[in-house]
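Worksheet: one structure, shown below.
None of the figures in this text is laboratory data; all of them are computed from the coordinates on show. Keep in mind that this is a model prediction, so the values were computed, not measured. Cβ: placed from backbone, ideal geometry, glycine included. Neighbour counts: every protein chain shown.
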């Protein structure tokens, strides 16, 4: 399958003309934009028949949206489907992980695999999920010793899978400094925590695949404090799942046990797992029919509708609005979120802080999963630093936050904290940059900007945890990733990180400077239009004890099928190399010649028989 490139419904607060679309979207189609002088609330709605097959071809006339029991005016309906014509991700997906880390799940399908016991079947479930992913899907693994935050990086997921299969050491994860809240919290069931976590994610397709025994709850008699906590966690799991439109899919364990206690009989394994699935719109899958069950999971999450409606209550009151959606066809099951909170302005002086959903991570998830409150991305690029054994590591943090409808300018303070860990897990650097922002909102009601900073690090492999904290709203976002820093002085031939600069119709604001490291203004954006002017920059170095010799750099661009669509080579004479100054190299990407789709830019430097590892950059042409 291949995900439709129009999985995003962009709703803009611009002048005039409300469009109502009911057509199915096709691959490579530009995402629909519904332009309006009013605010449009967006819902993703799945509709399945009594055989659990997605219902397709519905239009705005088929839907009714109720907000607090009152019918609302539907202004936009668009169907999003998966295309079965292409069943593979880019051929280079595993070999070339993204050079940009992000916690922005955006318009992607989200799958969380939660493992609590029953780990012997977990590898089969993970393998089945990986085999069914399409470009743009993101997956997290939580439990059985593996904690992989939401990622499109297949290599990370396969590393987790391989560790489970061989029973070896689990992949190491960065553990942030301990929280002062941790000791004061009551531990929750892991499934409840994950459901709450997903409530903070954007309103897109979200599913939990749960491998475990569920909850033990008393059927009668007096319950212990632990049993009452289980009951409460179960109820909160359902509440968060309903609120965030999360389907929970469970797995039949192959046995059915009832626990008998002094106060009564507890619910069986199978019964509670079946209830979890039924109550949240999922299904319970029999292990003996795993392939068929996973096929159904991806079928149900592969077709849905984006519905936009004009709220009849535009007051910015900060209150919860109950939602329900109906379809005028019999025997249909409709799944969508159960409500939304109306943002309340936090300022009265004509400006507003960026508004994003706020959820506080609880329990075990805080140490392992990045916060989604502030969505951002980061690119990290090492460069040699003449006169120093340490490299200059350039960091570009790109933030894109939604703002309250009608706000034209945003004034806020953002702290960008960079925690750096060495290969033993020890914290070696902890720096924070305060950003005082005063910028106009974009046409799509967002504030976008890049924060540029650098740190000095000796050669080695490092794990980074970047935390973005909005000092005005107290909301937090975080991401984790690993970056190797080469030994530029000792390696005969080496290549810096690749910086990407873009000149587009709507330029990105930048805070800070990397002018002493790289001669362009880099960005973390990797999605471009054909009309954008995009430049890649890298530096080639020669080290070691030998005199400089001729070297070259080879550049190629591959499409998703691995076909070479562009290539170029440049040779550098020995006299161009002067210690660790290196030789600058720039190339403009031929975007105007590329069709819409995913591409890989790959750079590799050669000196005699020695070659550097490739420096890869994934990018998308829209």
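Rounded to the nearest 0.05, what FRET efficiency do residue 61 and residue 165 have when you use their Cβ-Cβ distance and R0 = 51 Å? Intermediate values should be presented prior to the final figure.
Details: r = 51 Å, r/R0 = 1.00.
The calculated FRET efficiency here is 0.50.
Suppose the chain between residue 569 and residue 527 were pulled fully straight at 0.36 nm per residue; how much longer would it get relative to their current alpha carbon spacing?
So the extension gain works out to 12.6 nm.
On full extension, the segment bounded by residue 442 and residue 290 gains 50.1 nm, given 0.36 nm per residue less the C-alpha separation. Label positions at residue 423 and residue 95, each projected 7 Å from the Cα along the C-beta direction, are separated by 2.4 nm. Ranking of 526, 417 by neighbouring Cβ atoms within 10 Å, starting from the fewest: 417, 526. What shape does the range 489-622 take by its C-alpha gyration tensor, where a ≥ b ≥ c are the square roots of the eigenvalues and a/c under 1.5 counts as rounded, a/b above b/c as prolate, and the rest as oblate? Taking the square roots of the gyration eigenvalues as a ≥ b ≥ c, the range 489-622 is oblate. FRET efficiency for the pair residue 620 and residue 431, taken as 1/(1 + (r/R0)^6) with r the Cβ-Cβ distance and R0 = 51 Å, rounds to 0.95. Panel order for 525, 334, by other beta carbons found within 10 Å of each beta carbon, from fewest to most: 334, 525. Go ahead and run the numbers for FRET between residue 490 and residue 70, Cβ-Cβ distance against an R0 of 51 Å, rounding to 0.05. Given R0 = 51 Å and the Cβ-Cβ separation, E is 0.15.
If each residue's Cβ is checked for other Cβ atoms within 10 Å, how do 556, 593 rank with the fewest at the top? Display every interim value, and only then the final one.
On the way: 556 16, 593 11.
Neighbour counts put them in this order, fewest first: 593, 556.
With each label modelled as a point 7 angstrom along the Cα→C-beta vector, the residue 461-residue 389 pair spans 2.1 nm. In this simple spin-label model, placing a label point 7 Å from the Cα along the Cα-to-Cβ direction at both residue 49 and residue 596 gives a separation of 3.0 nm.
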